[in-house]
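Quick notes on the structure that follows.
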């Protein structure tokens, strides 16, 4: 079970994971975000507060899933990717951003130079550049042969990074790995050499990436493990639960490493 161990809190490493978890749990009390109801247990936010963003960036995606199980038990079985995605930059920190949803194809020939398609491309760039930011491009490849042509490479990663995009999550393919814009994260279904006839079909609608259903504007947390949609009204509950989850896991791991055998581990698991 993933948790808030030394490899889970902080961008990459935090020397005092329990201290960090307690800090965020304390800060979560009474945190109100712009557009939120400051009182009551079901405050709905329109955007995370700086403290909430800091918290989410400090933990990995398996830990987000663990904490969602506490804050919103009904989400234990959905809302995240359920198949492998290639991650060429596993050492980059987690990306936390708002989904820019896109569908694409690459098998079909299209008149890429026609005015109608060029207008769509320009409108697409406006969509990527618009609020909310920072963003993550979530692109569903609709082709019969998924990954036939790569949307992502040197050019597109630099364009999207310039427009406030942190990275992409796609069931399709990627290429130009050494030339990708520095710091731009990619989780992809495959790696391929050609972009073929790649083109945007639509944007701003609902997409599904390896079992993760996403709407435009959803808050996404992603790293080398995969991605998960984070409902905004669960973040305070996740922050409040972080300390207890970290302490429980630390106790069990300590017992496992103690060399005292199964009874010590069983006692630790019982609390």
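Remarks
- Single condition residue 173 does not satisfy, out of (1) at pLDDT 95 or above; (2) out of contact with any strand residue (DSSP E or B) (no Cβ under 7 Å at 6 or more places or on another chain); (3) in the same structural domain as residue 221 (by TED's automatic domain parsing); (4) over 24 Å from residue 217 (Cβ atoms): (2)
Each row is one residue, and each column tells you yes or no for (1) at pLDDT 95 or above; (2) over 14 Å from the mean Cα position of the chain (by Cα).
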site: 203; (1), (2): yes, yes
site: 218; (1), (2): yes, no
site: 221; (1), (2): yes, no
site: 224; (1), (2): yes, no
site: 237; (1), (2): yes, yes
site: 241; (1), (2): yes, yes
site: 244; (1), (2): no, yes
site: 249; (1), (2): no, yes
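- Residue within the range 135-155 that is at pLDDT 95 or above and part of a helix (DSSP H, G or I) present: yes
- Taken together, the residues in the range 78-95 that are more than 26 Å from residue 178 (Cβ to Cβ) and surrounded by 15 or more Cβ atoms within 10 Å (Cβ to Cβ) amount to 2.
Matching residues to (1) in contact with a helix residue (DSSP H, G or I) (Cβ under 7 Å, 6 or more places away or on another chain); (2) in the same structural domain as residue 104 (by TED's automatic domain parsing); (3) over 30 Å from residue 129 (Cβ atoms); (4) loosely packed, with under 15 Cβ neighbours inside 10 Å:
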site	(1), (2), (3), (4)
169	no, yes, no, no
180	yes, yes, no, no
184	yes, yes, no, no
193	no, yes, no, yes
196	no, yes, no, no
209	no, yes, no, no
235	yes, no, no, no
248	no, no, yes, no
260	no, no, yes, yes
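- Any chance residue 255 is in contact with a helix residue (DSSP H, G or I) (Cβ under 9 Å, 6 or more places away or on another chain), touching a residue at least 40 places away in the same chain (Cβ under 8 Å) and buried (at least 16 other Cβ atoms within 10 Å of the Cβ): no
- Residues that are surrounded by fewer than 17 Cβ atoms within 10 Å (Cβ to Cβ) and modelled with pLDDT of 95 or more within the range 41-50 comprise just one, 50.
- Meets criteria (in the same structural domain as residue 175 (by TED's automatic domain parsing) and either within 29 Å of residue 82 (Cβ to Cβ) or assigned to a helix (DSSP H, G or I) (or both)) for residue 202: yes
- Residue check, residue 62 in a helix (DSSP H, G or I), in the same structural domain as residue 249 (by TED's automatic domain parsing), farther than 16 Å from residue 160 by Cβ and under 18 Å from the mean Cα position of the chain (by Cα): yes
The values are calculated or read from the model by the stated rules, or taken from the named source; none is laboratory data. Source: prediction; values computed, not measured. Reconstructed Cβ throughout: ideal geometry from the backbone, glycine too, with neighbour counts over all protein chains shown.
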